[in-house]
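Here the structure is laid out as structure tokens; the discussion comes afterwards.
The values are calculated or read from the model by the stated rules, or taken from the named source; none is laboratory data. The structure presented is a predicted model; accordingly, all values stated were derived computationally and were not measured. We place every Cβ from the backbone using ideal geometry, glycine too, and count neighbours over all the protein chains shown.
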Amino acid sequence: MSQRVPAPGAALDRDVPLPAATAHYLTVVRRLGPGAALVVFDGAGREVDATLEPEGAGWLARPVGPPRPGRAGSGVHLWYGLPKGDKLETVIRQATELGVERVRLLACQRSVTRLEGDRQAGKLERLTRVAAEAARQCGRADVPAVDAPLTVGAALAADPPARLLVLHPEGGVPLASLTLTEPVVVCVGPEGGFSPDELARFDAAGGARVTLLGPVLRTETAAPVACALVLHALGGL
């Protein structure tokens, strides 16, 4: 089976130089040698068969056929309130595996974690690597973008969603009662949930409050479960 290799932004109709970390993984961890079969994907939905070849002191991927469309995410976006601890990486990984197209981080009023300055840049870089690795493992040819945190009001102003579903533990409609078409934005709050002001902003933007049937889920569980249910309803899972 060909080893999948992420190469975000690369032109797939020519040799693709491999970063040192990628070359180390392929040649040392995976113990691949010259001529090994690869599938290189550009992170934007295209991929190409290639072989692993030495190049000076490094390595490159040499295409052996034309680029082609690969498996890509569907029109479901996740807006996710910044959680505590290391939950964010788990949610990004699961969202990528499920087929979520994009993740928007929300700096909610009840978010304990704050990402600013160098810490934000470093965290977003890390999350993008997590998404790229998850895409490699699950066979996607695209990598979902992870957008910098915005407040709910700023997110609604910057990217008004066509279909907005807001998870709320009580009083919402069952997801199965809705007729959905892409694109869909699934909104999940942090540990304390969305504040009354944030819920009012979602309401004013035409958002539908959705309550999942069954026990109340933790935020890091609710996000992938809700995305999976929406993707299933759209026929994408």
Query raised in the report: Is it the case that some residue within segment 133-142 is out of contact with any Lys or Arg (no Cβ under 8 Å at 6 or more places or on another chain), in the same structural domain as Ala223 (by TED's automatic domain parsing) and within 19 Å of Gly189 (Cα to Cα)?
Result: no
Requested in this report: Give segment 140-162 a look and list any residue that's in a loop (DSSP other than H, G, I, E, B) and surrounded by fewer than 20 Cβ atoms within 10 Å (Cβ to Cβ), or say none.
Outcome: Thr151, Asp159, Pro160, Ala162
Query - Check on Leu82, buried (at least 23 other Cβ atoms within 10 Å of the Cβ), in the same structural domain as Glu191 (by TED's automatic domain parsing), closer than 17 Å to Val188 by Cα and of a type outside the set (Lys, Arg) - result: no
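Could you count how many residues in segment 27-60 are farther than 21 Å from Ala131 by Cα and not hydrophobic (A, V, I, L, M, F, W, C)? Reasoning before the result, please.
In the first step, residues of segment 27-60 are kept if they are farther than 21 Å from Ala131 by Cα; the result is 27-28, 31-37, 49-60.
When the remaining residues are screened for being not hydrophobic (A, V, I, L, M, F, W, C), the result is 27, 31, 33-35, 49, 51, 53-56, 58.
So the answer is 12.
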Report summary line: Checked against (1) touching a residue at least 24 places away in the same chain (Cβ under 8 Å); (2) of a type in the set (A, V, I, L, M); (3) crowded, with 16+ Cβ neighbours inside 10 Å; (4) not in a helix (DSSP H, G or I), Leu229 satisfies every condition except (4)
Report summary line: The lone condition Val185 fails out of (1) β-branched (Val, Ile, Thr); (2) more than 23 Å from Ser74 (Cβ to Cβ); (3) surrounded by 17 or more Cβ atoms within 10 Å (Cβ to Cβ) is (2)
Requested in this report: For segment 167-175, indicate whether the set of residues that are in contact with a helix residue (DSSP H, G or I) (Cβ under 9 Å, 6 or more places away or on another chain), of a type outside the set (Phe, Trp, Tyr) and either without any contact (Cβ under 8 Å) to a residue 12 or more places away in the chain or in a strand (DSSP E or B) (or both) is non-empty.
Outcome: yes
**Report entry** Hits in segment 97-130 - residues which are surrounded by 16 or more Cβ atoms within 10 Å (Cβ to Cβ), more than 17 Å from Ala154 (Cα to Cα) and among the small types (Gly, Ala, Ser)
**Finding:** Gly99
Report task. For segment 223-231, indicate whether the set of residues that are touching a Ser or Thr at 6+ places or on another chain (Cβ under 7 Å) and not charged (D, E, K, R) is non-empty. Result -> yes
